[in-house]
1. Within the set of pairs 6 or more residues apart or between chains, which connect a residue that is more than 15 Å from Ser89 (Cα to Cα) inside segment 114-135 to a residue that is assigned to a strand (DSSP E or B) and of a type in the set (Gly, Ala, Ser) with Cβ atoms less than 8 Å apart?
2. Conditions first: (1) within 14 Å of Asp22 (Cβ to Cβ); (2) out of contact with any Phe, Trp or Tyr (no Cβ under 8 Å at 6 or more places or on another chain); (3) in a helix (DSSP H, G or I). Leu90 passes all but one, so which condition is the exception?
3. If a residue has to be outside any helix (DSSP H, G or I) and surrounded by 11 or more Cβ atoms within 10 Å (Cβ to Cβ) to count, how many in segment 120-142 make the cut?
4. Does Ala35 meet the test of being in the same structural domain as Val80 (by TED's automatic domain parsing), within 26 Å of Asn119 (Cβ to Cβ), assigned to a helix (DSSP H, G or I) and in contact (Cβ under 8 Å) with a residue 24 or more places away in the chain?
5. Condition (residue is surrounded by fewer than 17 Cβ atoms within 10 Å (Cβ to Cβ), part of a helix (DSSP H, G or I) and out of contact with any Phe, Trp or Tyr (no Cβ under 9 Å at 6 or more places or on another chain)) applied to segment 16-29: is it met by at least one residue?
6. Would you please name the residue that is surrounded by the most Cβ atoms within 10 Å (Cβ to Cβ), looking only at residues in segment 66-106 that are within 20 Å of the chain's Cα centre (by Cα) and of a type in the set (Gly, Ala, Ser)?
7. Does any residue of segment 9-20 turn out to be in the same structural domain as Ile67 (by TED's automatic domain parsing) and within 23 Å of Lys124 (Cβ to Cβ)?
8. Please pick out the residue among Arg11, Arg60 that is farther than 26 Å from Tyr103 by Cα, basic (Lys, Arg), surrounded by 12 or more Cβ atoms within 10 Å (Cβ to Cβ) and touching a residue at least 40 places away in the same chain (Cβ under 8 Å).
Amino acid sequence: MSKFVKNLVTRDIQKRLAGVQDAVVANVVGMNSLATFNIRKAMREKGLQMMVVKQSLAARATRDSNIHKAFGSTPGSVAVVWGGEDFVSLCKTIVQFDGKPEYPKFELKGGVMDGEPLNAVQVKEVSKWPSRQEQISLLVGQILGPGATLSGQLVGPARKIAGQVKKMVEDQEAGS
């Protein structure tokens, strides 16, 4: 490949990966077209993007970005996956494909989170964390829990007093 073509490809990769902070790298070389189509379809449904690129060109294109550390010195092509709601959701989606019999050639290589490189085992560990939505729901539950308890404590005795007052009023009306 000539230097001119390498520069063109590098600029294209830079444009496509502009603003990407977190990504996962996988090996998809050798997969048949049906398996590749199914993986890409599942990723599109989750809002993820995947680009197969030569590692050396990706490393060259991302030299000044956070995801540069995802590309090791291993030669060959890799699939770079990014996007989604958060990095944990991205990892959960990618880990679903790793080791499935339908995708025997799919191999998780690693990734980068907040500028720190991750190996395949670490990416699998991150996939077990709660996603952004799960964390928000836990937080909302923790915020609302004490309020619901306090509300129940305030309403309970007041309901009891209101029932006693109502009984007294009914007794007075019945006696009149």
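The values are calculated or read from the model by the stated rules, or taken from the named source; none is laboratory data. Please read all numbers here as calculations on a predicted model, not as lab measurements. Quick reminder, even Gly has a Cβ in these numbers, built from the backbone with ideal geometry, and neighbours come from all protein chains shown.
1. Partner pairs satisfying both residue conditions: Pro117/Gly110; Pro117/Gly111; Leu118/Gly110; Leu118/Gly111; Asn119/Gly110; Ala120/Gly110.
2. (2)
3. Pass one, segment 120-142, residues outside any helix (DSSP H, G or I): 127-131.
Adding the requirement that they be surrounded by 11 or more Cβ atoms within 10 Å (Cβ to Cβ) leaves 127, 129-131.
Within segment 120-142, residues that are outside any helix (DSSP H, G or I) and surrounded by 11 or more Cβ atoms within 10 Å (Cβ to Cβ) number 4.
4. yes
5. Within segment 16-29 (the criterion being surrounded by fewer than 17 Cβ atoms within 10 Å (Cβ to Cβ), part of a helix (DSSP H, G or I) and out of contact with any Phe, Trp or Tyr (no Cβ under 9 Å at 6 or more places or on another chain)), the answer is yes, since at least one residue qualifies.
6. Ala70
7. Keep residues of segment 9-20 that are in the same structural domain as Ile67 (by TED's automatic domain parsing), which gives 9-20.
Still in the running and within 23 Å of Lys124 (Cβ to Cβ): 20.
Yes.
8. On the way: Arg11 fails: surrounded by 12 or more Cβ atoms within 10 Å (Cβ to Cβ).
Exactly one residue qualifies, and that residue is Arg60.
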